[in-house]
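**Student:** Handing you a structure now.
The values are calculated or read from the model by the stated rules, or taken from the named source; none is laboratory data. Since this is a predicted model, take the numbers as computed values, not measurements. A quick note on method: Cβ atoms are made from the backbone with ideal geometry, for glycine too, and the neighbour counts reach across all protein chains shown. The accessibility values were calculated without ligands, DNA or RNA, using every heavy atom of the protein model including side chains. Shrake-Rupley method; radii C 1.70, N 1.55, O 1.52, S 1.80 Å.
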Amino acid sequence: MKTQIEAIKGVIFDLDGTLVSSELNFSLIKAQVGCPAEQDLLEYIEQLPSPYMREEAMNIVHQHELLDAQNASFLPGVVEAVNALQAKNIPMAIVTRNFDKAASLKLQHNPLPIETVLTRTDAPAKPDPSALLTIANKWAMPVDNIIYVGDYLYDIQAAHNANMRACLYAPDLTPAYAKQADFVIHGFDELVSLVENYAEKIGVC
């Protein structure tokens with residue numbers, strides 16, 4: 001966990017469960033592809049012994065993701081928070097474990113003023129930090145000035161693997177792993193306040 005106080009000058013978001021709703025049933029998907037319940041789905045598929053098996057398993061995942069994308073909707077407060085950050089000229093991006101077509105469909109149905117979207121098609125899936133570091137490089141911004149906002153443990157791990165601060169979005173129950181995050185928010189109005197407070201502390205407002 002990062003302890004130094006640095007201004008928050010850029011925000012990267014997870015997509016599913018953070019910006020938009022998701023009803024993906026991972027227990028069902030894992031059962032259909034033969035993945036043990038305790039194992040990461042993408043890691044399991046990657047280690048399958050033949051290209052055919054990997055393709056068949058990933059096709060099942062894609063079908064679920066595309067179906068989920070049809071019904072995704074904004075989570076409460078997202079549009080207002082994104083607009084508020086845009087008004088403050090805070091650069092924003094999205095990094096998701098979704099594949100590109102599903103992410104694109106979700107954002108077509110739920111448009112946001114965020115141009116940079118990296119999926120697992122573009123970079124290794126979280127908690128690998130590659131996508132986050134790619135965005136920091138694109139922005140020419142120190143990682144200390146960027147936070148990654150997500151709703152799951154992988155989001156926290158990805159942020160810390162990139163030496164960024166992790167902000168956990170926990171609108172309902174706060175999970176045990178929340179203590180690993182640098183910040184925990186329960187609503188998106190708290191995110192705007194967080195960015196404002198860290199800007200004011202450093203004197204950049």
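**Student:** Place the peptides 141-154, 180-193 in order of packing, highest mean first, counting for every residue the other Cβ atoms within 10 Å and averaging per peptide.
**Tutor:** By packing density, highest mean first, the sequence is 141-154, 180-193.
**Student:** Using +1 at the Cβ of each Lys and Arg and -1 at the Cβ of each Asp and Glu in the stretch 148-199, identify which of A181, Y198, H160 lies farthest towards the dipole's positive end.
**Tutor:** H160
**Student:** Taking only Cα atoms and a 10 Å spring cutoff, compute GNM fluctuations for the chain and point out the largest among P49, P124, P113.
**Tutor:** P49
**Student:** On to the next question. First check a/c for the stretch 122-202, with a ≥ b ≥ c the square roots of the eigenvalues of its C-alpha gyration tensor; if it is under 1.5, answer rounded, and if not, answer prolate when a/b is larger than b/c or oblate otherwise.
**Tutor:** Because a/c hits 1.5 or more and a/b fails to exceed b/c, the stretch 122-202 counts as oblate.
**Student:** Which ³J(HN,Hα) values, rounded to whole Hz and listed in residue order, are derived for the stretch 51-63 from phi using the Karplus coefficients 6.51, -1.76 and 1.60 in 6.51 cos²θ - 1.76 cosθ + 1.60 with θ = phi - 60°, glycine and proline given as x?
**Tutor:** Taking θ as phi minus 60°, the curve returns x, 5, 5, 5, 5, 5, 5, 5, 4, 5, 4, 4, 4 Hz for the stretch 51-63.
**Student:** Rounded, prolate or oblate for the stretch 71-193? Axes are the square roots of the Cα gyration tensor eigenvalues, ordered a ≥ b ≥ c, and the cut-off for rounded is a/c under 1.5.
**Tutor:** Details: a/c = 1.17, a/b = 1.02, b/c = 1.15.
Since a/c stays below 1.5, the shape of the stretch 71-193 is classed as rounded.
**Student:** Quick one: putting +1 on the C-beta of Lys and Arg, -1 on the C-beta of Asp and Glu, what dipole do you get for the stretch 83-167 around its Cα centre, in Debye to the nearest 20?
**Tutor:** On the way: 8 positive and 7 negative charges, 20 e Å.
Approximately 100 debye in magnitude.
**Student:** Looking at the stretch 130-173, I'd like the Rg to Rh ratio, where Rg is from alpha-carbon atoms and Rh is Kirkwood's inverse mean 1/r.
**Tutor:** Value, to two decimals: 1.01.
**Student:** Next question. So if I place +1 on the C-beta of Lys and Arg and -1 on the C-beta of Asp and Glu, and nothing else carries charge, what would the dipole magnitude of the stretch 56-205 be about its Cα centre? I want it in debye, nearest 20.
**Tutor:** Working: 10 positive and 17 negative charges, 49 e Å.
The calculation lands at about 240 debye.
**Student:** Do the sum for the chain: with -39,500 (n - 2.57) for every DSSP H run of n ≥ 4, divided by all residues, what is the mean residue ellipticity at 222 nm, to the nearest 500 deg cm²/dmol?
**Tutor:** Rounded to the nearest 500, it is -13000 deg cm²/dmol.
**Student:** Counting Lys +1, Arg +1, Asp -1, Glu -1, what net charge surrounds Y148 among other residues with beta carbon under 10 Å of its beta carbon? Walk me through the numbers before you get to the answer.
**Tutor:** Numbers: positive: K126, R165; negative: D14, D155, D182.
With Lys, Arg at +1 and Asp, Glu at -1, the net is -1.
**Student:** In vacuum, with every alpha carbon of the chain counted as one equal point scatterer, what does the Debye formula give for log10 I(q)/I(0) at q = 0.07, 0.11, 0.15 Å⁻¹? Two decimals, please.
**Tutor:** The Cα Debye sum returns log10 ratios of -0.21, -0.51, -0.93.
**Student:** Could I ask something else about it? Out of A37, A69, A84, any idea which swings most in a Gaussian network model of the chain, alpha carbons joined below 10 Å?
**Tutor:** Taking springs between Cα atoms under 10 Å, the residue moving most is A37.
**Student:** Using only the Cα atoms of the stretch 82-123, build the gyration tensor, take square roots of its eigenvalues as a ≥ b ≥ c, and label the shape rounded, prolate or oblate: rounded if a/c is under 1.5, else prolate if a/b is larger than b/c, else oblate.
**Tutor:** Oblate shape, in that a/c is at least 1.5 and b/c is the bigger or equal ratio.
**Student:** Carbon-plus-sulfur fraction of the accessible area of the chain, 1.4 Å probe, in percent?
**Tutor:** C and S atoms contribute 51 percent here.
**Student:** Given the stretch 1-58, report the % of alpha carbon pairs whose separation exceeds 13 Å.
**Tutor:** Taking all Cα-Cα pairs of the stretch 1-58, the fraction more than 13 Å apart is 72 percent.
**Student:** Next question, about the same structure. Rank these by accessible area, largest first, 1.4 Å probe: L105, L15. List each step's numbers first, then the result.
**Tutor:** Values: L105 35, L15 0 Å².
From most accessible down to least: L105, L15.
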